[in-house]
1. Within the stretch 6-20, can you find the residues that are farther than 14 Å from residue 117 by Cβ and touching a strand residue (DSSP E or B) at 6+ places or on another chain (Cβ under 7 Å)?
2. Which condition does residue 11 not pass, out of (1) at pLDDT below 95; (2) open to solvent by 60 Å² or more (accessible area, probe 1.4 Å); (3) in a strand (DSSP E or B), if it passes all the others?
3. Name the residue, out of 52, 43, 65, that is basic (Lys, Arg) and in contact with a Ser or Thr (Cβ under 8 Å, 6 or more places away or on another chain).
4. So which residues in the stretch 68-91 are basic (Lys, Arg) and over 13 Å from residue 12 (Cβ atoms), if there are any at all?
5. Please go through the stretch 99-119 and pick out each residue that is within 12 Å of the chain's Cα centre (by Cα) and at pLDDT below 95.
6. Can you name every residue in the stretch 48-79 that is of a type in the set (Ser, Thr, Tyr) and under 18 Å from residue 103 (Cα atoms)?
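The values are calculated or read from the model by the stated rules, or taken from the named source; none is laboratory data. Worth saying up front: this structure is predicted, and the values here are computed from it rather than measured. Because the Cβ atoms are built from the backbone with ideal geometry, glycine has one as well, and the counts that use them run over all protein chains shown. Only protein heavy atoms, including side chains, enter the accessible area calculation; ligands, DNA and RNA are left aside. Shrake-Rupley method; radii C 1.70, N 1.55, O 1.52, S 1.80 Å.
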Amino acid sequence: QVQLVESGGGLVQAGGSLRLACAASGSITSRHAMGWFRQAPGKEREFVAIMKWSGSTQNYATSVKGRFTISRDHAKNTVYLQMTSLKPEDTAVYYCAAGPHLVSDAGAMDYWGAGTLVTVSS
């Protein structure tokens, strides 16, 4: 079992930055892929970024590439999502997820956090 707890959401103006954190506990290993997904009101959950817990390989959605960075701190068992140049369309609940494969399919993730709300004002 893996438990995930997100933090760091909030209200930010367009063009600003925010860093989300996902604290992982339980049976997390280097074989796991750790991802961020988001869901805006009235929309389906969509892929944002993903990386192997080992640190090798990061993939990003086209809409966030060059603005968001996923990283991890092994010592703190935490995965981060650094978000810069935020846009109103980035407004969503952001979820941390863990699964066995480095894919962008939310259905392939086995574990989910409760989510943290990010609101970007124009």
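1. The answer is 13, 14, 17, 19.
2. For residue 11, the exception is condition (1).
3. 52
4. Within the stretch 68-91, the subset basic (Lys, Arg) is 72, 76, 87.
Those that are basic (Lys, Arg) and over 13 Å from residue 12 (Cβ atoms): 72, 76.
5. Correct list: 104, 106.
6. Here is the first cut: in the stretch 48-79, the ones of a type in the set (Ser, Thr, Tyr) are 54, 56-57, 60, 62-63, 69, 71, 78.
54, 56, 57, 60, 62, 63, 69, 71 - these are the residues of the stretch 48-79 that are of a type in the set (Ser, Thr, Tyr) and under 18 Å from residue 103 (Cα atoms).
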